[in-house]
Amino acid sequence: MNSKRSIVITGGAGFIGSHVVRLFVNKYPDYNIINLDKLTYAGNLANLKDIEDKPNYKFVKMDICDFEAFYQLMQDEKVDGIIHLAAESHVDRSIKDPFTFARTNVMGTLSLLQAAKLYWESLPEKYEGKRFYHISTDEVYGALEMNHPEGIEPPFKTVASSEGHKAYGDEFFYETTKYNPHSPYSASKASSDHFVRAYHDTYGMPTIVTNCSNNYGPYQFPEKLIPLFINNIRHGKALPVYGKGENVRDWLFVEDHARAIDVIFHQGKTAETYNIGGFNEWKNIDLIKVMIKTVDRLLGNPEGHSLKLITYVTDRLGHDARYAIDSTKLQKELGWEPSLQFEEGIEKTVRWYLDHQDWMDNITSGDYEKYYEDMYKGR
Ligand code: NAD
Ligand code: TYD
């Protein structure tokens with residue numbers, strides 16, 4: 001591959017995208033890194049303050065659905081790589097407003113693919129040295145059964161927890177697992193994944209798709225479980241646990257995801273799919289108790305002080321029971337594995353949010369507060 005690359009990272013002002021942009025800008029001073037983001041409610045340039053003046057970094061405010069503008073950008077910047085993260089990403093919002101998810105996640109991805117196709121096919125070398133890397137989610141695989149509610153030994157090696165890792169069922173998501181999305185969010189991501197693969201199979205575009213489990217860490221928008229709950233515990237506000245809190249998610253520290261994206265962008269095989277996961281399943285309620293314990297300790301509260309904030313609310317519609325990723329393929333073929341044990345990751349994350357209250361306050365003022373109130377009306 002070319003050493004002087006020109007790469008567009010879409011959604012770079014969001015949670016995961018900002019970690020990917022930071023990693024690429026710092027690690028590859030010779031690359032031209034273009035952060036393309038519409039700055040929706042979830043996009044925040046404050047996430048990138050530390051790298052915004054670097055000479056190899058540029059921000060472009062653009063909607064991924066704007067085909068003409070993106071085609072022009074491809075030509076102006078001679079783009080040879082696209083790492084596509086821009087999306088509507090919150091399941092609860094997709095239940096209220098599925099159209100926005102279809103527009104951005106499906107039509108936006110298609111628009112990027114078509115513009116990249118037209119530009120790359122117009123070049124003498126065509127697809128040689130090019131890459132379209134689409135970031136997706138484990139949620140496209142649907143929901144796994146939780147047939148071992150107390151947990152069993154997993155069949156694979158894990159670095160996830162110092163207390164030993166548990167799996168809550170016999171099944172896992174593999175790269176070969178059939179898609180079976182349930183929420184409007186996962187249906188829109190599944191559809192975009194199919195379009196990406198179709199552009200490889202039909203036109204020969206060098207694509208890659210990865211499906212990752214739930215990420216956590218700094219700069220996550222506080223509508224998602226972990227930052228929302230850390231902030232609520234700090235302020236003594238109710239913690240709205242959906243249903244019985246028994247749903248299981250596999251959690252990965254966001255910087256480990258960004259490292260995986262770097263490895264896969266550079267060394268992954270064209271047209272392949274790689275699952276990325278933390279080998280780290282947690283029932284929501286157990287994870288919430290770890291957060292409560294950590295925040296209380298760091299704030300100097302007595303142990304158990306904030307347990308009273310746990311408030312069981314009406315379940316999310318169609319709430320998937322369990323997600324569990326097997327990322328053995330990525331470990332074996334490209335040598336990636338999660339670097340952090342969960343206890344370390346959650347401690348780092350809680351400390352970050354407690355130390356960055358100004359970042360949180362900027363977001364949680366204004367429109368977002370209103371959205372949040374509406375979301376929980378009637379629960
Ligand atoms: P996020 O919601 O924090 O950020 C999304 C970013 O995309 C924002 O900066 C937003 O402004 C931008 N965006 C939205 N619509 C846009 C549009 N039409 N044009 C241009 N930019 C637009 O999301 P995230 O959690 O960082 O997720 C990033 C990607 O990773 C998504 O594709 C998501 O499906 C995928 N993913 C997320 C997780 C997770 O746990 N968060 C796990 C697996 C995969
Ligand atoms: P979330 O962070 O929204 O991620 P996803 O839905 O993509 O997995 O939610 C993680 C889990 O936490 C999920 O099972 C829903 C649950 N949850 C709550 O119980 N209460 C909440 O307020 C939120 C936002 C999520």
Only one of these is surrounded by fewer than 23 Cβ atoms within 10 Å (Cβ to Cβ) and in a strand (DSSP E or B): 58, 4, 54. Name it.
58
Does the stretch 21-48 hold any residues that are assigned to a helix (DSSP H, G or I) and either among the aliphatic types (A, V, I, L, M) or at pLDDT below 95 (or both), and which are they?
21, 23, 25, 45, 46, 48
What number of residues within the stretch 261-281 satisfy the criterion of being hydroxyl-bearing (Ser, Thr, Tyr) and in a loop (DSSP other than H, G, I, E, B)?
1
Scanning for something in a helix (DSSP H, G or I) and touching a strand residue (DSSP E or B) at 6+ places or on another chain (Cβ under 9 Å), does the stretch 121-137 turn up at least one residue?
no
Residue 298 - would you say it is in contact with a helix residue (DSSP H, G or I) (Cβ under 9 Å, 6 or more places away or on another chain), open to solvent by 10 Å² or more (accessible area, probe 1.4 Å) and without any contact (Cβ under 8 Å) to a residue 40 or more places away in the chain?
no
Looking at the stretch 117-139 only, could you name the residues that are open to solvent by 40 Å² or more (accessible area, probe 1.4 Å) and either under 14 Å from the mean Cα position of the chain (by Cα) or among the charged types (D, E, K, R) (or both)?
121, 125, 126, 128
For residues in the stretch 33-51 being near ligand 1 (Cβ under 6 Å from one of its atoms) and under 18 Å from residue 107 (Cα atoms), which is least open to solvent (accessible area, probe 1.4 Å)?
37
Take the stretch 159-188 and flag every residue that is in contact with a helix residue (DSSP H, G or I) (Cβ under 7 Å, 6 or more places away or on another chain), more than 15 Å from ligand 2 (Cβ to nearest atom) and either open to solvent by less than 20 Å² (accessible area, probe 1.4 Å) or at pLDDT below 95 (or both).
160, 161, 162
Positions within the stretch 75-103 being in contact (Cβ under 8 Å) with a residue 60 or more places away in the chain, surrounded by 15 or more Cβ atoms within 10 Å (Cβ to Cβ) and away from ligand 2 (no atom under 16 Å from the Cβ), in sequence order
77, 79, 80, 81, 82, 83, 84, 86, 102
If I go through the stretch 28-44 residue by residue, how many of them are more than 16 Å from ligand 2 (Cβ to nearest atom) and either touching a residue at least 40 places away in the same chain (Cβ under 8 Å) or of a type in the set (S, T, N, Q) (or both)?
8
Quick check on my filter: what residues within the stretch 209-260 are part of a loop (DSSP other than H, G, I, E, B), in contact with a strand residue (DSSP E or B) (Cβ under 9 Å, 6 or more places away or on another chain) and either of a type outside the set (Ser, Thr, Tyr) or more than 30 Å from residue 50 (Cα to Cα) (or both)?
217, 224, 238, 243, 244, 245, 246, 247
Counting only residues that are assigned to a loop (DSSP other than H, G, I, E, B) and in contact with an Asp or Glu (Cβ under 6 Å, 6 or more places away or on another chain), which one in the stretch 313-331 is surrounded by the most Cβ atoms within 10 Å (Cβ to Cβ)?
324
Please tell me if residue 64 is over 22 Å from residue 256 (Cα atoms), near ligand 1 (Cβ under 8 Å from one of its atoms) and touching a residue at least 24 places away in the same chain (Cβ under 8 Å).
yes
Residue 312 - would you say it is out of contact with any Pro (no Cβ under 9 Å at 6 or more places or on another chain) and of a type in the set (Ser, Thr, Tyr)?
no
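The values are calculated or read from the model by the stated rules, or taken from the named source; none is laboratory data. These numbers come from a predicted model, not from an experiment. Cβ sites come from the backbone with ideal geometry, for glycine too, and all protein chains shown count toward neighbours. Heads up: the accessible areas ignore ligands, DNA and RNA and are worked out on the full protein's heavy atoms, side chains in. Shrake-Rupley method; radii C 1.70, N 1.55, O 1.52, S 1.80 Å.
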